[in-house]
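Colleague: I have a structure here, written as structure tokens, and I will follow up with some questions on it.
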């Protein structure tokens with residue numbers, strides 16, 4: 001499904017001295033809509049959604065730090081707090097509030113945190129699979145004490161320091177990797193996501209744009225109870241979506257709806273983690289009805 005109209009323009013802004021990238025789909029007089037991608041992804045994963053909504057909204061899609069065409073963090077960590085700060089800076093610098101947010105996975109979690117911090121700045125929020133990681137992993141992390149989490153993080157960082165970005169000999173090798181990661185993608189989607197997700201190295205090989213250090217989980221941060229307390233501060237309507245074929249558990253089985261004042265929880269069958277790719281038409285209908 002190639003895009004049928006001209007794409008967005010590229011821009012930069014600064015946050016904690018990092019040059020961060022975002023794309024702007026125009027229509028500046030329309031209400032602002034911010035699209036936040038997930039981990040190891042990039043802003044152009046939203047292109048099909050943005051194309052459909054650009055006539056009604058001023059659509060902005062950033063590359064998170066360490067992702068896409070944004071700078072990598074040097075001498076620090078990639079934490080939810082820092083990602084949320086970057087989004088807060090973009091909204092502040094562009095004077096976007098009050099705005100609507102759509103986020104996917106980690107981007108959904110960031111959007112929900114921002115909305116909990118500043119409930120008056122968000123009119124509506126759509127979250128795709130952004131209510132926490134795999135439950136088993138979360139439980140295992142919660143059971144570890146401080147020194148275990150800290151030491152594990154140090155080991156992870158040392159391992160990442162020795163890791164070099166994987167190099168694919170050809171574009172098609174990277175494309176095959178993209179297709180293997182999400183079997184629901186059609187060939188046009190996989191090619192588009194790969195094209196915007198890789199750089200060609202000087203020797204002619206290809207590597208993904210994201211920084212490998214985004215794989216490391218910081219030893220300290222906002223815990224489950226604190227996250228739920230932020231959800232409870234959200235006053236705007238929320239639409240929270242999961243894929244029926246995803247690893248994400250039914251939020252009702254986890255008691256998550258108890259922490260939202262005004263939220264709809266929807267499962268889209270036949271979709272995996274990337275619901276907006278796997279079932280685009282169904283996703284767009286849900287979003288349009290909600291907005």
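All of the numbers you see were taken from the coordinates with simple rules; none came from a lab. Treat the numbers as computed from the prediction; the structure is a model and nothing was measured. Cβ sites come from the backbone with ideal geometry, for glycine too, and all protein chains shown count toward neighbours.
Colleague: Whole percent per 5 Å bin, from 0 to the bin with the longest distance: what is P(r) over all C-alpha pairs of the stretch 116-208?
Modeller: 2, 10, 12, 10, 13, 15, 17, 14, 6, 1
Colleague: Oh, and also: For residue 147 and residue 224, what is the calculated FRET efficiency with R₀ set at 22 Å and r taken between the beta-carbons, to the nearest 0.05?
Modeller: The pair residue 147/residue 224 has a calculated efficiency of 0.65.
Colleague: Treat the count of other C-beta atoms within 10 Å as a stand-in for reagent exposure and order 47, 203, 63 from fewest to most.
Modeller: Fewest to most other Cβ atoms nearby, the residues stand as 203, 47, 63.
Colleague: Same structure, new question: Given the C-alpha centroids of the stretch 67-129 and the stretch 160-177, what is the distance between them in whole angstrom?
Modeller: So the two Cα centres are separated by 28 Å.
Colleague: Now, a different point. Given a Förster distance of 41 angstrom, what is the FRET efficiency for residue 29 paired with residue 232, based on the Cβ-Cβ distance and rounded to 0.05?
Modeller: With a Förster radius of 41 Å, E is 0.75.
Colleague: Take 64, 254, 53, 286 and order them by how many other Cβ atoms sit within 10 Å, fewest up front.
Modeller: 254, 286, 53, 64
Colleague: Could I ask something else about it? May I ask you to work out the translational diffusion coefficient for the stretch 140-270 at 20 °C, viscosity 1.002 mPa s, via Stokes-Einstein with Rh from the Kirkwood sum over Cα pairs, reported in whole µm²/s?
Modeller: Reported coefficient: 115 µm²/s.
Colleague: Calculate how many DSSP beta bridges within the chain are antiparallel, expressed in % of all such bridges and rounded to the nearest 5.
Modeller: 40
Colleague: In which sequence would 60, 198 go, from the one with the fewest C-beta neighbours within 10 Å to the one with the most?
Modeller: 198, 60
Colleague: Considering the stretch 25-125, what Rg and Dmax in Å follow from its alpha-carbon atoms?
Modeller: Over the stretch 25-125's Cα set, Rg and Dmax evaluate to 12.9, 41 Å.
Colleague: Which number do you get for Rg(Cα) / (2.2 N^0.38 Å) in the chain?
Modeller: So the chain has a normalised radius of gyration of 0.97.
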